[in-house]
Amino acid sequence: MRMTPGVLFLAVACEAPALPPPDVAVSGYVPSVVTGAWSGEAEAVSLVALDDAGKEVSRWTAEAGEEGKWRAVSFGLHPATRYHFAVEVQSDGATAKSEAVELSTGGAPDALEPLVVEENTRNDGFFATGAITSTPWAVIYDAEGVPVWWWAVADPEALVTRVRRCADGQTLLVNAFEGINLDPESGMHLYRVAYDGKLVEDISMLGAHHDYVELPDGGLAWLAYEERTEEGSSHVGDLVVERDADGQTREVWNAFDWYDWRDYEVETTSSFLHANVLNYDANRDVYWLSLRNPGAYIAVDRSTGKIVETLLGPESDVRLVASPAPSHPHGFRWLDDETLLLMDNRDSEDEVSRVARYVVDREEDVMAQEWAFASDQGIHLLGLGDVTKLPNDDVVALWSTAGQIQRLDEDDATVWRATAPIGTAFAYIEWTDSTDTRPWP
């Protein structure tokens, strides 16, 4: 159809102006992170990453600031990779996408090599853990074994055992303690780090060790040590310490109030109970602790500090029936009020470590093993070790001192396995499939 000059003018006049691309930059702290900014009036804005073929890789919600300025921060991108960044803008019920701008992420440190993915029929999610090497790293790997986020702790003697993505969507928590020295007077640290790698807060935790949790009310809790001299010798007990959102700390629970150190023969580098993992149950408002030496799990009431339940071990409230007892247990998750998933390290180096699931029947006062999987590569964990269950019911076993992550389906088939370079061990593990973030604080 022939278009008259008047119609041509009308078509040009009605064509919406092209949206400008975002201003993007690689973080100077974590060069796999890209920060984006865009200005304009809109109802919602997203930062979008595309590959060279124009396929969307990921997107992140931008947050509105003053005078129509929007900000976003990425999570989950590969280092040393070229991307194309655009903004998607929603306004007046319509969606428009800007032109794209090209930007390459920076490389990961040479010391932080990718994992070797040996088996892979199920590829999703991210694994946050502490990488124990000559440099203590907080690191998050994707399902290809590529580090997508990392943060180095300056103290080479420190152990990073837990890395958590925080509820605020802006920060991550990284702990660092000198676990080898077992010094209750040493200054331990919990670092709050923005996604772009900037240190937001350094929380000093006297005597802290192994594990911590973020509480729903914005507070924190962690395991700590206390040393006492009794009968002419020194003994170390475990504590649970809590810090509220205003920074005030209090002692919630003290092992010396509930246990006698004389009942436990321990190594000189261990507290007499050797608490190693801390979880919080919001429904019951209790802390659950894993105690390696008695092979037990205890529930501590958050408000009173009383032990309200003990499972397994010599003082268990329920009887273990027709099942092997775990020894030197470490990481654990409650799948529901009755089902406990745990990492059973085993106390003898001749034994193979395993993950197991136990079911509690509190009406009958019994407990039994429902399922177990021993390492199919004969791994015995010298320490640490963790396990978690994914939303699709896959189980992830973290064979910490072997530097291996293994994912099992409901038939115990390995659907994903990744191993770190020789000389690297892992700590505890957190899994997520979300790339959601909020801009830096």
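Only the coordinates and a few stated rules stand behind these numbers; no lab work does. Note that this is a predicted model, so its numbers are computed, not measured. Don't worry about glycine lacking a Cβ; one is built from the backbone with ideal geometry, like all the others, and counts go over all protein chains shown.
Hey, rough spin-label estimate for GLU349 and ASP365, points 7 angstrom out along Cα→Cβ, what's it come to in nanometres?
Those two pseudo-labels are separated by 4.1 nm.
Please compute the length gained on full extension between ALA18 and THR339, using 0.36 nm multiplied by the number of residues separating them and subtracting their Cα-Cα distance. List each step's numbers first, then the result.
Values: separation 321, 0.36 × 321 = 115.56 nm, distance 5.57 nm.
Stretched out fully, the ALA18 to THR339 stretch lengthens by 110.0 nm.
Net charge within 13 Å of THR435 by Cβ-Cβ distance, Lys/Arg positive one each and Asp/Glu negative one each, not counting THR435 itself?
-2
Within the stretch 209-228, find all residues whose amide N lies under 20 Å from a label point positioned 7 Å from the Cα of ASP246 along Cα-to-beta-carbon.
In the stretch 209-228, the label zone of ASP246 (backbone N under 20 Å from the point 7 Å along Cα→Cβ) covers 215-222.
Among 71-79, 39-47, 230-238, 90-98, how do they line up from the highest to the lowest mean number of other beta-carbon atoms within 10 Å? All intermediate terms of the calculation are to be shown ahead of the outcome.
Details: 71-79: 22.4, 39-47: 17.0, 230-238: 14.4, 90-98: 11.9.
Descending packing order for the listed peptides: 71-79, 39-47, 230-238, 90-98.
What dipole magnitude, in Debye to the nearest 20, does the stretch 5-104 give about its Cα centre under +1 on Lys/Arg Cβ and -1 on Asp/Glu Cβ?
Values: 6 positive and 14 negative charges, 60 e Å.
Here the stretch 5-104 has a charge dipole of around 280 debye.
In the stretch 237-336, how does Rg compare with the Kirkwood Rh, expressed as the Rg/Rh ratio over alpha carbon atoms? If you can, show how the numbers build up before the last one.
Details: Rg = 13.9 Å, Rh = 14.4 Å.
Ratio of gyration radius to Kirkwood radius: 0.97.
So what is the 222 nm mean residue ellipticity for the chain from helices alone, if each DSSP H run of at least 4 adds -39500 (n - 2.57) and you divide by all residues, rounding to the nearest 500 deg cm²/dmol? Please list the in-between numbers first.
Working: 1 runs with 10 residues, N = 441.
Here the helix-only value at 222 nm equals -500 deg cm²/dmol.
Could you compute the net charge surrounding GLN377? Neighbours are other residues with a C-beta less than 13 Å from the C-beta of GLN377; K and R count +1, D and E count -1. Don't skip to the end; give the middle numbers.
Details: positive: ARG354, ARG417; negative: GLU118, GLU119, ASP376.
Overall, the nearby charge balance is -1.
Cα to Cα, under 21 Å, and not fewer than 8 places away if on the same chain: which lysines meet these conditions relative to LYS97?
LYS55, LYS69
Which order, highest average first, do 360-372, 379-391, 288-300 follow once you tally other Cβ atoms within 10 Å for each residue and take the mean per peptide?
Going by the mean number of other Cβ atoms within 10 Å, highest first, we get 288-300, 379-391, 360-372.
Run the dipole for the chain about the Cα centre, Lys and Arg Cβ at +1, Asp and Glu Cβ at -1, nothing else charged, and hand back the magnitude in debye, nearest 20. Provide the component values of the computation, followed by the final result.
Values: 31 positive and 77 negative charges, 285 e Å.
About 1360 debye.
Just how large is the dipole of the stretch 218-288 about the Cα centre, in debye to the nearest 20, putting +1 at every Lys and Arg Cβ and -1 at every Asp and Glu Cβ?
Roughly 200 debye for the stretch 218-288.
Among THR61, ALA96, THR81, flag the residue with its Cα farthest along the positive direction of the charge dipole of the stretch 5-104, charges on Cβ as +1 for Lys/Arg and -1 for Asp/Glu.
After comparing all options, I get THR81.
Tally Lys and Arg at +1 and Asp and Glu at -1 over the other residues with C-beta under 12 Å from the C-beta of ARG162: what net charge comes out? Kindly include the intermediate steps, with their values, before the conclusion.
Working: positive: ARG164, ARG165; negative: ASP211, GLU214, ASP386, GLU430.
Net charge in that neighbourhood comes out at -2.
Starting from the Kirkwood radius over alpha-carbon pairs of the chain, derive D by Stokes-Einstein at 10 °C in a medium of 1.306 mPa s and give it in µm² s⁻¹. Numbers along the way, then the final one.
Details: Rh = 23.8 Å.
After rounding, the answer is 67 µm²/s.
Got a sec? How would PHE426, PHE256 order by Cβ neighbour count within 10 Å, fewest to most?
Numbers: PHE426 27, PHE256 16.
Fewest to most other Cβ atoms nearby, the residues stand as PHE256, PHE426.
Based on the alpha carbons, how large is the Rg to Rh ratio for the stretch 293-441 when Rh follows Kirkwood?
Numbers: Rg = 16.5 Å, Rh = 16.5 Å.
The Rg/Rh ratio comes out at 1.00.
Mind ranking 111-117, 30-36, 52-58 by how tightly packed they are, going by the mean number of other C-beta atoms within 10 angstrom, highest first?
Details: 111-117: 17.3, 30-36: 24.1, 52-58: 10.7.
Descending packing order for the listed peptides: 30-36, 111-117, 52-58.
In the stretch 130-266, if the dipole is taken from +1 on Lys/Arg beta carbons and -1 on Asp/Glu beta carbons about the Cα centre, which of GLY197, TYR259, THR249 is farthest to the positive end?
Farthest along the dipole direction, towards plus: GLY197.
Lys/Arg Cβ at +1, Asp/Glu Cβ at -1, dipole of the chain taken about the Cα centre: which of LEU335, ALA37, ALA18 is farthest positive-ward?
Selected residue: ALA18.
Using θ = phi - 60° and the Karplus curve 6.51 cos²θ - 1.76 cosθ + 1.60, what whole-Hz ³J(HN,Hα) does each residue of the stretch 393-408 get, with Gly and Pro shown as x?
Going residue by residue, I get 6, 5, 10, 10, 9, 9, 7, 4, 6, 8, x, 10, 10, 10, 10, 10 Hz, with x marking Gly and Pro.
At 7 Å along the Cα-to-beta-carbon direction for both ALA96 and CYS166, put a label point, then send me their distance in nm to one decimal.
3.7 nm
Jot down the radius of gyration and Dmax of the stretch 5-104, Cα atoms only, both in angstrom.
15.4, 56
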